[in-house]
Amino acid sequence: MDPRQERSVGLLLSHRAMLLGYIASIVRDPDLTEDVFQNVAIIVLDKAGAVANDAEFPAWARRVARFESLAALRKRKRAPELLDQSVLELLEAEWSAGDAAPAPARKALRECVERLSPYARQLIHMRYVEELSALDVAERLNRSPNTIYVALSRTYRHLAGCVERRLAREGA
């Protein structure tokens, strides 16, 4: 795989949840959502390098997802007017707003996660980046599930307090 395709795969995976949500809001069918996402993935890989920088990827991928979603609805002979065109425009505007610079709370959370102990960061990484269940984390770390639940709970409380303090300091 060439470096542009590797970059595209990384971007696609990091925006997978957003794209699936966007597609699902248009097609309203879980099976069709997965099919459309796979088509979008193929297009993203075929057009690797079509986006100048990573910040432009979410909007570009949503446009691809929108066209593919509507094409899939037409192909299935389902009424593409499930969502009016004006509603799709509003959705796109709302999703695009999320592409902007991180909200103060997200920025604070990112900074707080960076300040966690290595063990707590590892737990958060496994739980949310690798998307493992707490039971899977426990198994992988050879710890009891209760130990992991307690450690995650403490980490969540610590992060919540840290974010609240940072936001209060910044007046957000």
Practice task
Output ³J(HN,Hα) for segment 129-141: one whole-Hz value per residue in order, computed from phi by the Karplus curve 6.51 cos²θ - 1.76 cosθ + 1.60 with θ = phi - 60°, and x for Gly and Pro.
Solution key: 8, 7, 6, 8, 6, 4, 5, 5, 4, 4, 5, 5, 8
Problem - Where Rh is the Kirkwood radius over Cα pairs, Rg/Rh for segment 106-155 - result: 0.98
Completion exercise
Residues other than Leu132 with Cβ under 11 Å of its Cβ, Lys/Arg counted +1 and Asp/Glu -1, net out at -2
Completion exercise
Sorted by accessible surface (1.4 Å probe, heavy atoms of the protein chains only), largest first, Arg16, Arg166, Arg28 come out as Arg28, Arg16, Arg166
Handout entry: Cβ-based charge dipole, segment 132-171, positive-most Cα from Cys162, Pro145, Leu135
Key = Cys162
Problem - Residue-by-residue Karplus 3J(HN,Hα) for segment 57-67, coefficients 6.51, -1.76, 1.60, Hz, glycine and proline x - result: 4, x, 5, 5, 5, 5, 4, 4, 4, 5, 4
Practice task
Could you go through segment 144-153 in sequence order and give the Karplus-derived ³J(HN,Hα) for each residue, using 6.51 cos²θ - 1.76 cosθ + 1.60 with θ = phi - 60°, rounded to whole Hz, and x for Gly and Pro?
Solution key: 6, x, 4, 4, 5, 4, 5, 5, 5, 4
Exercise for the section: With a Förster radius of 35 Å, plug the Cβ-Cβ distance of Ser153 and Arg76 into 1/(1 + (r/R0)^6) and report the FRET value to the nearest 0.05. Expected result: 0.20
Handout entry: Area of Ile148 that stays accessible when all protein chains are in place (1.4 Å probe, Å², to 10)
Key = 0 Å²
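The values are calculated or read from the model by the stated rules, or taken from the named source; none is laboratory data. No experiment lies behind these values; they were computed from the predicted model shown. With ideal geometry, Cβ positions are generated from the backbone for all residues, glycine too; neighbour counts draw on all protein chains shown. Accessible surface areas use protein heavy atoms only, side chains included; no ligands, DNA or RNA. Shrake-Rupley method; radii C 1.70, N 1.55, O 1.52, S 1.80 Å.
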